[in-house]
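Since the structure comes first, as structure tokens, the remarks are kept for the end.
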Amino acid sequence: MFLRRPTRQEAGTLPQWRLMWRQFRKHRLAMIGAGILIPVYFVAIFAEFFAPMSSSTANTSLTYAPPQVLHFSGEHGLHVYGYTTERDPATYAQTYTEDPSKVTEIGLFVHGDEYKLLGLIPSDIHLIGPETKGQPFFLLGSDANGRDLLSRLIHGARVSLSIGLVGVAASFLLGMLIGGISGYFGGGVDNVVQRVIEFLMAIPTLPLWMALSAALPTDWGPLTRYFAITVLLSLIGWTGLARDVRGRFLSLREEDFVTAARLDGVGRLSIIFRHMIPSFASHIIASLSLAIPAMILGETSLSFLGLGLQAPAVSWGVLLEGAQNVRVVANAPWLLAPGVAVVVVVVAMNFFGDGLRDAADPYGNRKVSRRARRRRAA
């Protein structure tokens, strides 16, 4: 039994989320962004399963090996060819050539490096990998230590993408609390809060990140540094949301429903969190979706400069740190793959955020479209 599509007259009585979804679907770039982000985050969550091998598995005899090409034949099925290496006697540079006599058969759901899925379930099943454990399989090439770049890229996605979500969640709490207090109370409280925000926004972001990251103890482990970097990004990233929330509160505190709640004896915190914030929650969601790319770029920049996460932690910024040398990039351009991943994810998030922003006010968008139709008709 199929659901009947509502008429235009019925659309005005639809729930808010239905109107937002209908408006969001009309934004093609936002749908493309969602189509990219959902699989990427799914792969990042189950990185151990999707990665062909562990992020630390190394083959020191195959450093800077070029990407292998998948082949298919009736005899071997899906397979890749191994390498024949030669070293230049003058420059000592190692060159690789594809050797058809060395065949590595590739399978799906193969046994490989052991891991714990989500840190709980022990397993050694990988979605794709060599049928024989230990044979070279580098679809995106290898790094300076002979580690599979594709596997490290998938493992690094979990850190780089989660630090954006965690950092934005912390910034959301600070921005909502401080911005709400500033906009609701106004007066001297508003002046003090706005001067602090203006001071923080006047400081160049990247030098401030570098200074705060350099102050972290060097003996901290990867997990501790990850937590510290997330906190640092959150302490800096709340100012924009706070100003947005403050502006909304200034316009809402004189509305009739707020005055009615105040006269009814409702407490200030209850007015803020039960009445005022839900009235513009859709705008907050859109702002948060646009803030996540900034968090990801912040972590990537710090790790690329050697001030953020460091090995043995794996993130896209840490992987890009190995591509700082121009000579290395010239001989192994596949090391820039994490940079391509960052660009694709950030652009997809911006598209997704634009769609949420347009869908946040479906009534307003519909009014604008009606006005445009009337003007064209006139």
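Residue check: is Phe138 closer than 30 Å to Thr95 by Cα and not small (Gly, Ala, Ser)?
It is true that Phe138 is closer than 30 Å to Thr95 by Cα and not small (Gly, Ala, Ser).
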Of residues in the range 337-354 being open to solvent by 30 Å² or more (accessible area, probe 1.4 Å) and in contact (Cβ under 8 Å) with a residue 40 or more places away in the chain, the one nearest to Asp148 (Cα to Cα)
Val344
Those strands (runs of 3 or more DSSP E) lying entirely in the range 48-152 with at least 3 residues in contact (Cβ under 8 Å) with a residue 12 or more places away in the chain and open to solvent by less than 40 Å² (accessible area, probe 1.4 Å):
77-87, 94-117, 121-130
Conditions first: (1) touching a residue at least 60 places away in the same chain (Cβ under 8 Å); (2) farther than 22 Å from Ala44 by Cα; (3) of a type in the set (S, T, N, Q). Ser270 passes all but one, so which condition is the exception?
(1)
Here is a list: Pro207, Pro217. Which entry is modelled with pLDDT under 80, exposed (fewer than 14 other Cβ atoms within 10 Å of the Cβ) and either assigned to a helix (DSSP H, G or I) or in contact with a Lys or Arg (Cβ under 7 Å, 6 or more places away or on another chain) (or both)?
Pro207
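Any residue at all in the range 169-189 that is more than 22 Å from Leu297 (Cα to Cα), among the small types (Gly, Ala, Ser) and outside any helix (DSSP H, G or I)?
Yes, the range 169-189 has at least one match.
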Kindly list, by first and then second residue, each pair from a residue in the range 321-336 that is acidic (Asp, Glu) to a residue that is open to solvent by 40 Å² or more (accessible area, probe 1.4 Å), limited to pairs with Cβ atoms under 9 Å and residues at least 6 apart or on different chains.
Glu321/Phe304; Glu321/Leu305; Glu321/Gln310; Glu321/Ala311
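Counting only residues that are assigned to a helix (DSSP H, G or I) and of a type in the set (Val, Ile, Thr), which one in the range 312-336 is most open to solvent (accessible area, probe 1.4 Å)?
Top of the filtered list is Val326.
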Filter result (among the aromatic types (Phe, Trp, Tyr), at pLDDT 80 or above and open to solvent by less than 60 Å² (accessible area, probe 1.4 Å)) within the range 165-192
none
So, first residue touching a residue at least 60 places away in the same chain (Cβ under 8 Å) in the range 164-177, second residue open to solvent by 70 Å² or more (accessible area, probe 1.4 Å) and assigned to a helix (DSSP H, G or I), Cβ within less than 8 Å, six or more apart or across chains; the pairs are Leu174/Leu235
Arg195: passes all of (1) surrounded by fewer than 19 Cβ atoms within 10 Å (Cβ to Cβ); (2) assigned to a loop (DSSP other than H, G, I, E, B); (3) not acidic (Asp, Glu) but (2)
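The values are calculated or read from the model by the stated rules, or taken from the named source; none is laboratory data. Keep in mind that what you see is a predicted model, and the values were worked out from it rather than measured. Reconstructed Cβ throughout: ideal geometry from the backbone, glycine too, with neighbour counts over all protein chains shown. The area values use the complete protein model at the heavy-atom level, side chains included, leaving out ligands, DNA and RNA. Shrake-Rupley method; radii C 1.70, N 1.55, O 1.52, S 1.80 Å.
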